Amino acid sequence: MMTWFLNALGVNVEDVDGLTGWSLRWETAQWGALAAVLTGVLLLLSWWLYRGGPQAVSRGRRFFLFLLRAVFLVLLAAILLQPVLILSLEREVPRTLPILIDRTGSMMIEDQQGRSRIETVQSALLSPGGVGIRRSLEEDLEVPLFSFNEGVLAEWDEASAPLVAAGDRTALGEAARKVLDRYRGVPLAGMLLITDGGQNSGVPLATTVEQLKEAGVPIFAVGVGDSEARDVSIEAVEVREVLLAEDAAPVRVKLRTQGMKGERGRIVFSLGGVDVSEEEVRIEEDGPQEISTLFIPKKAGDYAMKARFEADNLAEVMAENNEGQAGVRVVDRRLRVLLLDQAPRWEFKYLEAMLLRERRVELSCFLLEADRDSGQADGSPYLPRLPNRPETLYDFDLIVLGDIDPRLLPEGYLSLLGSYVSQAGGALTVIAGKRFMPSAYGQTELQQLLPVELAGASIASSAEPAVRPIKLALTPEGRESVMLRLGDSPEESEARWDLLPPVYWAARVERAKPAASVLLTRPDASTGSREAPVLALHRYGAGEVLFLGTDNLWRFRRNVGDRYHTILWGQMIQRMAGARLLTEAPRVTLRANGRSFAQGDRVRIYAKLFTQGWEPREDEVVDAVLAAGSDPSRRQEVLFRAIPGEPGSYRAEFAAGPPGNYRVAVSGDDIATVDFTVTDNNREYGRAALNEPLLRDLAHETGGAYIHLRDFERVPSFLTERSARVASIREVDLWSSPLFFALIMLVLSAEWIGRKLSELK
C-alpha cells in the first residue's frame, strides 16, 4: 500500500527504503482566512439546499450527499492554498572510500628495491593482487582514485596515464581537506592515504585532523618507503649577512641524519666556489646536529657561502639534500663606532681599550665630564665636541650610549638619536648605569627607543646595592644568537656561559616590549622568581636598538683576561654595526624581508632615502635595477613607490625568480645595493625516510589504522562500515498532483451519481 501511495505521488520507490515521517506546508497560507470564509458560506448554502430538497429523499441520503459536497469544497479550497506534502524518506547507500596517492617529489626517491616509491605504488595497485583488492572493495563501496601534488587534487584513471611524481612540497592536510569538501554530505567509509608522510606545507595537519574527527572520517594510512633510509640533509647554513675582510667569521651548519648512526663524514665549506675549510663529522646519534667553523674572508665582494656533506660511506638514498648555502657580503672598510658616556666607568674603559685594539673599528669617543684639552693629542679617539647634527651623527655605523644625565644633553638630542635609528637606519646600543641609565629616561624620547619597559622614573630606582652576585642566564633566543656564542657548538657555548663569573648589578626594568628579542635574563629581585631582561634587542623603524642592563661585563675578565669580554663585545659590535655595511651609500638604507627565498616567494625591499642635507626624499617613484649574478641579460627595472605618510620611505615588491644570487641597486648620490638569494629549496628532500610516526599518529587520531604498502591486502579488513542509511526530504505539490486531481474527480463524480439516483437536480 505504501509503495502504491508513493508511486502515486511521483516518488521513485527504487530510491527509497522507507517513510519515516511527513508534514504539510501551505504555500499561500496568507489566503487561508478568505478561503475559510468562502468555504463556510458555500457549505451553509449547500446544507440549506440539501435540507430543503424533496421529502421523498431520505434524510440520511441527503446528509451523505452534503458530506460529498463539503469534501469537494474543502479540496477545492485546498487547491487555492497550494498544499505541499513533505516526506521524510530513508534509503541505504554504499559508503565512499576515496584513495589518495601522493605523487610529490619525495615519491621519486629510490629505496632499497632500486625503484622509485611512485613506481612501487603503481606496481602494487596494478598488480593482480592489488586489482583484486580494489574490485572487492568496489562490490559494496564507491572507490574513486585521486592523486595529489603540492595541494592539487586530481582524479586518476590508471588506464589513461601512469603517475609521475614531481614538486617540492607535500600538503597531506590540504589534500584531505579538499576531499572532505568534495564529498560534503556523502557518507565516507574513510580515506585511504598512500604516502611517505613527507608533510611540509599547506594547512597544519592538526587542523585537518580536527575536521576529520568532527566529520567522523577515519584515515587509513598506507606507508611507502623505508623508515630506516640512510640520509643526511643540510637544513640551514647560518653566517652573518655582512663580513669584514681579514676578520674571522663563524659559520654554523644545521644538519639532520637518518640511519647513519656511527658513520663518519665531513662538512666542506666553500666561498664563491672555492673551498675554505673542512670539519670532520662523526654521527653519534640520528637526528639534528650542528657543525661550526671559523674562516677568514680575504677579498671584498658578494659570495655564496656553501656547505656540503661528504660521507665516507656513500650509501645514501639521496644526495640532493647534502648541500646548503647562504649569501654573504664581504666588505673592506672599518666600522665607525661612537662611544658616548658621562664619565669613564669600568665598562667604558675596558670597552674603549678593546675597540682601540680592533683594527676593523674606527672609534670616536666623547665624555661629557672629560677635560676637552686632554683628548686633543695625535691619534686620540676623543672628539672636541658632541656630534649633534645629522651630518656629523648619521655617518656612524653604531652609537653606544652610556650612563649620561639627560639634563646634560643638548635640547633635541634624544629626538636626533631617534631619527638616527628610525630614519637613517642606524644602530644604537644602550649600556645601563647606576646613576642615570635607564632610570632617568622614563619620560623622555629614549623610552620609545628602548626594547624594554622601564620600572620607574626615579633616578634612584636602579641604584640597588652592588653586593649580591647575579647569575645571568641565556634564553632560548640567546642560545641561538651569534652575538652570544662563546664556543664552536651551542653545547660548548652554554657550558662556558655557566662558568662565567656573576655580575653585581643590573638595572631594574619592568618587562621586554612585545616585539623585542630577549637574549639574557636575571632573577627579578622584586619577586625572587620571575626573570627580568638584561639583554634585549628590537627593530625600531629602519634601525635597531640593543639594551644591555648591566655595566659589569668587565667582570667576565676574571681569571681569563680579555678573552670572553672581547669575544662578546666584538660580536655585539659587529652584529649591530654590520647592518650599515649592507650599503656603501650612507644616505640610502635598504632592507629586504629576508635573506633567502624560494622561487615564487614575494620579495619586498624597503628603502629609506635622504638628500645630501639629510632631508627625506620626496619622489613619488624611484627607479632601481634588479640583477641576477653577473649576467647582463638577467637585469630588469624595479620601481620603488613612496609609502604614504612616511616621508623618504619607499617599497618595491616582486616575485623571486629562478635560483641564484640577486642584487637590487638604487641610484642616488651614491649607488646603494641589497642582496638576496633564491634557493632551490625543495622541501621534499628535507627528509628522505618514510615518516611512519606521523602516519601512525594521523591514523590513530582519526580512528583509522596504519599499514605498510607491503601489507596492502589487509586494507579490506579495516573497513567494517560499508553502507549508510541516508535520510532525504521529498516535497510533493499536492494541489497539482494527479492523485489530488483524481480524488477531487472521485468525490465530485460520487455526488453527481448520488444526485442522479436520488432524482435531484
Peptides ranked, highest mean first, by Cβ atoms within 10 Å: ranges 220-227, 192-199: 192-199, 220-227
What is the set of long-range amide H partners of Thr170 at a cut-off below 5 Å, with H atoms built 1.01 Å from backbone N? Asn200, Ser201
Along Cα→Cβ, 7 Å out, is where each label goes; now give me the distance between the ones at Asp498 and Ser123 in nm to one decimal. 5.1
Lysines near Lys178 by alpha-carbon distance under 19 Å, same-chain residues fewer than 8 away left out - which ones? Lys213
Simple SL model, points at 7 angstrom along Cα→Cβ for Asp157 and Asn559; separation in nm is 7.9
Spelling it out for Arg95: with amide H atoms placed in the peptide plane at 1.01 Å from N, the residues 5 or more places away or on another chain with amide H under 5 Å from its amide H are Glu142, Ser723, Ala724
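Calculate, for Ala236 and Trp22, the FRET efficiency according to 1/(1 + (r/R0)^6) with r their C-beta to C-beta distance and R0 56 Å; round to the nearest 0.05. Write out the running numbers ahead of the final one.
Values: r = 67 Å, r/R0 = 1.19.
Computed FRET efficiency for Ala236 and Trp22 comes out at 0.25.
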According to the Cα gyration tensor, what semi-axes, each the square root of 5 times an eigenvalue, does the equivalent ellipsoid of the stretch 588-679 have, listed from largest to smallest in whole Å? 24, 14, 10
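Taking only C-alpha pairs under 8 Å that are 6+ residues apart, what is the relative contact order of the stretch 588-679 in percent? Please report the intermediate quantities before stating the final value.
Values: 208 pairs, mean separation 32.9, N = 92.
The value is 36 percent.
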Dividing the surface of the Cα convex hull of the stretch 231-331 by four yields a projected area in nm² of 5.7
Run the Debye formula on the Cα coordinates of the stretch 339-580, all scatterers equal and no solvent, and tell me log10 I(q)/I(0) at q = 0.07, 0.15, 0.16 1/Å. -0.21, -1.08, -1.25
State the extension gain, in nm to one decimal, for the chain segment bounded by Asp405 and Asp488, taking 0.36 nm per residue of separation less the distance between their alpha-carbons. 25.9 nm
Under a plain spin-label model, where a point goes 7 Å from the Cα along Cα-to-Cβ, how far apart in nm are Arg710 and Trp752? 8.4
Vicinal HN-Hα couplings computed from phi for the stretch 275-285 (Karplus, 6.51 cos²θ - 1.76 cosθ + 1.60; Hz; Gly/Pro x): 5, 10, 6, 8, 10, 6, 10, 10, 8, 7, 9
Here is the link list: Lys349/Lys471; Lys254/Lys306; Lys349/Lys434. Which ones come out longer than 20 Å on Cα distance? Lys349/Lys471
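As a test of the definition: which semi-axes, in Å, follow for the stretch 114-252 when you take the square root of five times each eigenvalue of its alpha carbon gyration tensor? Largest first, please. Intermediate values should be presented prior to the final figure.
Values: eigenvalues 295, 85, 33 Å².
Semi-axes from the Cα gyration tensor: 38, 21, 13 Å.
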Gained length - Phe741 relative to Asp623, 0.36 nm times residue gap less alpha-carbon distance: 34.4 nm
Output the Cα-based Rg and Dmax of the stretch 532-592 in Å, rounding Rg to one decimal and Dmax to a whole number. 14.8, 45
Among DSSP beta bridges whose residues both lie in the stretch 339-580, state the antiparallel percentage, nearest 5. 55
Suppose R0 equals 35 Å. What FRET efficiency, 1/(1 + (r/R0)^6) with r the Cβ-Cβ distance, do Val203 and His700 give to the nearest 0.05? 0.95
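No value in this document is a laboratory result; all are computed from the given coordinates. Because the structure is a prediction, the values reported are computed rather than measured. Every residue, glycine among them, receives a Cβ derived from its backbone with ideal geometry; neighbour counts consider all protein chains shown.
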